[in-house]
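Read-outs throughout are calculated quantities, based only on the coordinates presented, and are distinct from any laboratory measurement. Keep in mind it's a predicted model, so treat the numbers as computed, not measured. Quick reminder, even Gly has a Cβ in these numbers, built from the backbone with ideal geometry, and neighbours come from all protein chains shown.
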Amino acid sequence: MMLRAAPILIGVALVSVALAGQWMIGGGASLEGRGGAREVRADAEGDAAVIARTAPRVSAGLVDYHGVEAGVSCMTCHSTREPDRANGLGGALPKTFHQGLAFAHAGMSCLSCHHADDYDSLRLADGRKLAFRDSQQLCAQCHGPQTRDYLNGSHGGMTGYWDKSRGGRVRNACIDCHDPHAPAYPALIPVFAPRDAAARQQAEREQRHHRHE
């Protein structure tokens, strides 16, 4: 009886894990941040309108009649060529686009995150379009431990109040601290001696030992 029930129990467990992941990414747990850490959903304007309105624009190096910097959408240039899914693999980028961009993100290509049919939007793992303002939902798909720590307040900084009864707060989104194209921080070496006396004494003993070897 137990052997016959085992596959059913395993199946139920897998479905539960999948649903929990979708709940975390889809907004069951709030991702509050500057970068648009909001639930992926159609809002009053509709998804297409939100994506178009919040898409990044590339500076054209010119200003308009009102002195406002002129910009063009990503699709203005990307629509002139077929998407290349190999772009970005191994850090290689096309010489004509994005000159000087450093790319090192776990061996992924550009189209792991950018939508091949619409470069003014991002792409979720299931193929849905995602507005750039909601980029934190994209990060959460792969970076589960960091998202968990973000949700409990131990990852990512903020301005404002922990106690919301005293005032509001703004949490940093992932890309406020990490470059999405090269997110890893370099290893850091402490620049001061440990304050703990026992640790300092141990370090001094090890130094003396190495000098006498």
Exercise for the section: Could you calculate the FRET efficiency of Arg148 with Asp196 from 1/(1 + (r/R0)^6), where r is the beta carbon distance between them and R0 is 41 Å, rounded to 0.05? Expected result: 0.85
Handout entry: Long-range amide H partners of Asp120 with built H, under 5 Å
Key = Met75
Practice task
Please say if the range 104-213 is rounded, prolate or oblate, where rounded means a/c under 1.5 for a ≥ b ≥ c the square roots of the C-alpha gyration tensor eigenvalues, and otherwise the choice is prolate for a/b larger than b/c and oblate otherwise?
Solution key: oblate
Exercise for the section: Hey, can you grab everything whose amide H is under 5 Å from the amide H of Arg169? Only 5+ residues off in sequence or another chain; H modelled, so Pro and N-termini drop out. Expected result: Tyr161
Problem - In Hz, Karplus ³J(HN,Hα) per residue of the range 179-186 (6.51, -1.76, 1.60; θ = phi - 60°; x = Gly, Pro) - result: 6, x, 8, 8, x, 5, 7, x
Exercise for the section: Quick one: which residues, 5+ away or cross-chain, put their amide H under 5 Å from the amide H of Met158? H built at 1.01 Å from N. Expected result: Asn172
Practice task
At most 16 other Cβ atoms within 10 Å and a DSSP loop assignment: could you name the chymotrypsin sites (Phe, Trp or Tyr not before Pro) in the range 111-209 that fit?
Solution key: Tyr161, Trp162, Phe192
Completion exercise
Note, the range 120-128: 3J(HN,Hα) by Karplus (6.51, -1.76, 1.60, θ = phi - 60°), whole Hz, Gly/Pro = x, goes 8, 9, 9, 10, 6, 4, 8, x, 5
Handout entry: In sequence order, calculated HN-Hα J values of the range 139-153 (Karplus, 6.51, -1.76, 1.60; Hz; x Gly/Pro)
Key = 4, 5, 5, 9, 9, x, x, 5, 5, 4, 5, 4, 5, 8, x
Exercise for the section: Work from the charge dipole of the range 93-172 (Cβ charges, +1 for Lys and Arg, -1 for Asp and Glu, about the Cα centre) and give the residue of Gly157, Gln137, Leu122 farthest towards its positive end. Expected result: Gly157
Practice task
Compute the convex hull volume of the Cα atoms of the range 58-126, divide it by the residue count, and report the result per residue in Å³ as a whole number.
Solution key: 114
Practice task
May I ask for the distance between the Cα centers of the range 150-213 and the range 71-92, given as a whole number of Å?
Solution key: 36
